[in-house]
1. For the residue pair B:Arg124 and A:Asn72, what label-to-label distance in nm results when each label sits 7 Å from Cα along the Cα-to-beta-carbon direction?
2. Tell me the Rg and the Dmax, in Å, that the Cα atoms of segment A:175-229 produce.
3. With 18 Å as the cut-off, how large is the P(r) tail for segment A:105-205, expressed as percent of Cα-Cα pairs?
4. Kirkwood hydrodynamic radius of segment B:1-58 from all distinct Cα pairs, in Å?
5. Around A:Thr7, under 9 Å between beta carbons, what's the net of Lys plus Arg minus Asp minus Glu among the other residues?
6. Nearest 10 degrees is fine. How inclined is helix B:226-249 to the longest principal axis of chain B, computing both from alpha carbons?
7. Run the helix sum for the protein assembly as shown: -39,500 (n - 2.57) per DSSP H stretch of 4+ residues, divided by residue count, reported at 222 nm to the nearest 500 deg cm²/dmol.
8. By how many nm would the segment from A:Met182 to A:Glu285 grow when fully extended, if each residue of separation counts as 0.36 nm and the alpha-carbon distance is taken off?
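Values in this text are rule-based calculations from the coordinates and carry no lab data. Keep in mind that what you see is a predicted model, and the values were worked out from it rather than measured. Backbone-built Cβ (ideal geometry, glycine too); neighbour counts: all protein chains shown.
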Amino acid sequence: MEYIVETKGLTKSYGGKQVVKNVDLKVPKECVYGFMGPNGAGKSTTLKMLLGLIRCTDGQAWIDGKEMNQKNRLEILRETGSLIESPSYYGHLTGRENLEIVRTLKKAPEKEVDQVLELVRMERQQDKKAREYSLGMKQRLGLAAALIGRPRLLILDEPTNGLDPAGIQEIRELICELPKRMGITVLVSSHLLSEMDQMADYVGIINHGQLIFQDKLEALHEHSKSKLLLRVMNRTAALKILEGRQIEGRVTEEGILIPGLSDDRAADLVSALAAGGAGLYRIEERQKSLEDIFLSLTGRRESL
Amino acid sequence: MLREWKTEWMKLRRRKVGLLLLAFLGFTFVWCAWILSDAGAEELMDGYRWIFSNLSIINTILLPALLSMLASRLCDMEIKGNTLKLICTMEKKGRLFDMKFLTGSLYLVLYIAAELMLLFICGRAYGFGEPMQLRHVLYFLIQNVTVSLVIYLLQMMLSFRFENQIIPLAAGLFGSFIGLFSWFFPDTSLFRWIFVWGHYSLLHFIGNNWDETTRISTFYDVEPKQAALCLVLVLLTGGYLAGRHLFVRKEI
């Protein structure tokens with residue numbers, strides 16, 4: 001598989017403390033790659049290292065097959081667009097003037113300003129000063145700036161932060177469109193799992209600076225093994241029957257949670273519970289949510 | 001390089017930098033006109049020496065404040081709008097620093113040139129006895145451009161460092177007071193040498209004698225101190241290299 005971004009042993013330390021540890025990212029071409037992790041996990045630091053905004057303590061990064069260094073950084077980044085943390089803009093200039101600055105620096109043709117304005121649906125607000133924009137508009141302006149120069153790679157750090165639900169939906173749709181419509185690879189970070197579930201083709205999960213998972217989104221979903229919830233009138237009798245069949249049952253507020261069973265075993269258990277006087281009145285299949293998977297991988301609950 | 005230079009001017013749209021310079025120039029003009037309105041015939045005979053001498057003091061007071069505002073106008077937009085993380089993916093950080101320095105320097109040189117023009121007009125209007133000497137023009141440029149560039153570098157670094165621009169502006173006002181005080185000390189005083197704002201007085205090129213009985217000042221040419229000029233040039237080169245290095249090294 002061809003990767004547009006590849007890193008090997010990417011490490012960043014501040015005062016002897018490693019905030020990003022040996023990260024080996026592999027971002028396939030023309031997809032949406034979701035870079036997830038709790039707040040403070042090292043997402044922004046990793047992305048900033050990819051853009052050369054901060055120096056890595058150790059490791060290497062390749063973008064589109066070229067190893068990045070201080071000499072060729074700008075040449076490589078000419079085909080990269082980025083939006084890091086909050087949007088960047090000159091408040092005293094209009095949206096269009098802001099984009100003209102980016103266009104001049106990227107040596108892009110003049111018509112591209114109109115094209116990106118249309119793409120982010122900002123044609124009508126282009127002559128308004130950027131400081132008068134709402135946060136959503138500023139974010140869209142940032143995205144438009146990132147799209148100038150027809151980049152092959154777009155690096156977006158939490159692009160939906162602070163947006164209202166309509167704005168989130170709009171940005172999300174736009175991100176999903178880019179690989180298909182323009183052949184752009186989008187590397188997008190977020191701490192919102194639901195967002196990634198709707199956007200990403202591939203995911204990477206970073207926690208405490210370490211990349212703990214990297215694969216297709218489906219592969220992450222495979223981690224979710226279903227469970228069965230038994231709702232019974234007599235929990236003691238039910239637990240006794242489960243114990244006799246060596247099935248581990250966990251009592252919860254809702255009922256007794258047991259691991260997923262094959263259809264045969266499930267049918268057998270239901271018969272046994274009915275015969276044994278457990279008073280089984282409902283059996284439900286419980287799927288692990290993406291959030292549960294994430295939490296089991298990261299082992300932390302505080303920031304989600 | 002031309003692209004970066006062009007974008008600097010695009011960024012300066014609606015920043016009203018020209019208006020800022022005109023306001024200071026207008027204030028300087030009013031100050032000079034007020035001084036000249038008190039002038040006697042003897043003083044007007046040697047008008048250029050007299051006005052150059054006064055303008056050096058006026059500039060010592062006004063230029064540090066102007067430079068702090070100028071640096072703030074040019075640099076704070078990058079901090080306020082979080083634009084460094086965008087711009088620095090398209091432009092080398094060192095180049096951005098150079099462009100800010102060059103733009104500010106150009107404004108400064110234009111301002112000093114406008115002051116010289118103002119003096120020339122005053123000379124014509126008040127009928128100064130002697131013509132403006134090239135030597136005075138050259139020394140005036142050296143005195144005001146070199147010292148101001150060092151101060152501008154310092155202000156640039158402060159404006160890039162602090163989001164709250166009150167701090168660099170306060171530094172500018174502090175510089176104005178230090179500069180003014182430095183004129184009350186002799187050339188040999190450490191006070192004049194250790195503060196860069198005091199270097200305007202070190203590079204002065206007109207001396208004066210005050211006769212208490214006749215209450216008349218006579219002005220004469222003084223050679224600016226070469227050691228002081230060397231110090232300013234060293235500070236300018238060192239300040240530029242150190243400022244650029246710190247700016248490039250700073251992580252965004």
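1. 6.1
2. 13.4, 46
3. Working: 2377 of 5050 pairs.
More than 18 Å apart: 47 percent of the Cα pairs in segment A:105-205.
4. That comes to 14.1 Å for segment B:1-58.
5. On the way: positive: A:Lys8, A:Lys26; negative: A:Glu6, A:Asp24.
Net charge in that neighbourhood comes out at 0.
6. In chain B, helix B:226-249 runs at an angle near 20 degrees to the longest axis.
7. About -16500 deg cm²/dmol.
8. Difference between extended and current length: 33.0 nm.
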